[in-house]
Amino acid sequence: MPQESLAIMAGVTDRVETAEKWSGLFSHLYGPVRISSPNDASIAGGIRVVNLWRMKLCRIAIGPYRIGLSPALARPGEHLFNELRFQTSGSTRFDQDGLTIMLEPGDCLVHNVSRPHSFSSARPSSYDSVIVPIDLIRLQGVPTEMLWARQIPGAELDDNAITAYKIAKTVLEDQPKLHEPAAATVADAIITLLQHSFSRGVVGAEGLTRPALMRWRAKAHIEDHLRDPELNIGQLCTVLGCSKRYLHRLFHEEGSSIQRYIWQRRLERCRQALENPSGQMKSITDIAFSWGFSSASHFTRLFKNQFGFPPSELKGRKVTRGEHAP
């Protein structure tokens, strides 16, 4: 990704006073939520949002309120984000999947934003929040079915959690100009916290090693640039600041190679496009070229090797959930 996209750009709304304005702001962050206040009163407060790479850092102070994403408003497959919420003042009640959690100052909550949930507070409260796309967690190998809400009391926050919060807090308060190396450090700390929080008992307690973090960063860059036909190991090494030999070794440890991983991800995206009804209007070559392939014959050969059938067998054929092409 371009270096400027890794820089922090701040957007600040100093004061927000109406439920309608809050609903618009929260819907942009969390999906199509609804917010209300006791006795239909106004909801005074303020919000600061900072974009950091593909994450959002938020600082919110808000009067008595209730905010909710109802089952009717939830959109499966859309707005797939996780939130780390650090309560800084007041008490807040959180409900999701039949679970109720009371957040007190110093506590941290980790939860899936896209599933129905609600927050409510009878008094003014404030919190700092980090919103992270779920696909970044998938790239690290954390099973997404394990992403259930979890409270971390302030006394139980480990070094990773404390580091992530301190960095997020500094960014929110000072808004420094962080470019690629510093931004990557922030992202690494936050992903490490998510790994520990979401996957206790699933991932080793030692957390993310430097090789694991470098591999995650490489996969994240690949995911963002799959459509770029110039994506290659040289580009990755420049972005990550490492040697080709080191990067080859990282992927070899997973039983793969960098080029094979790139082709596999592109092939998966092409198959999704071919299975999508909207993709029926496009030619196989157009779809292949849109995902970084430069040769139709090369694409067809790789596709058949990967899935056991040519891409032409998906054209004009409706594929339902749970059904596999021959």
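Here, each number is a calculation from the coordinates, and none is a lab measurement. These numbers come from a predicted model, not from an experiment. Glycine also receives a Cβ, built like all others from the backbone with ideal geometry; neighbour counts cover every protein chain displayed.
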Just the Cα atoms of segment 28-130: what Rg and Dmax do they give in Å? 13.1, 39
SER70: net charge of surrounding residues, Cβ under 13 Å, Lys/Arg +1, Asp/Glu -1, itself excluded? +3
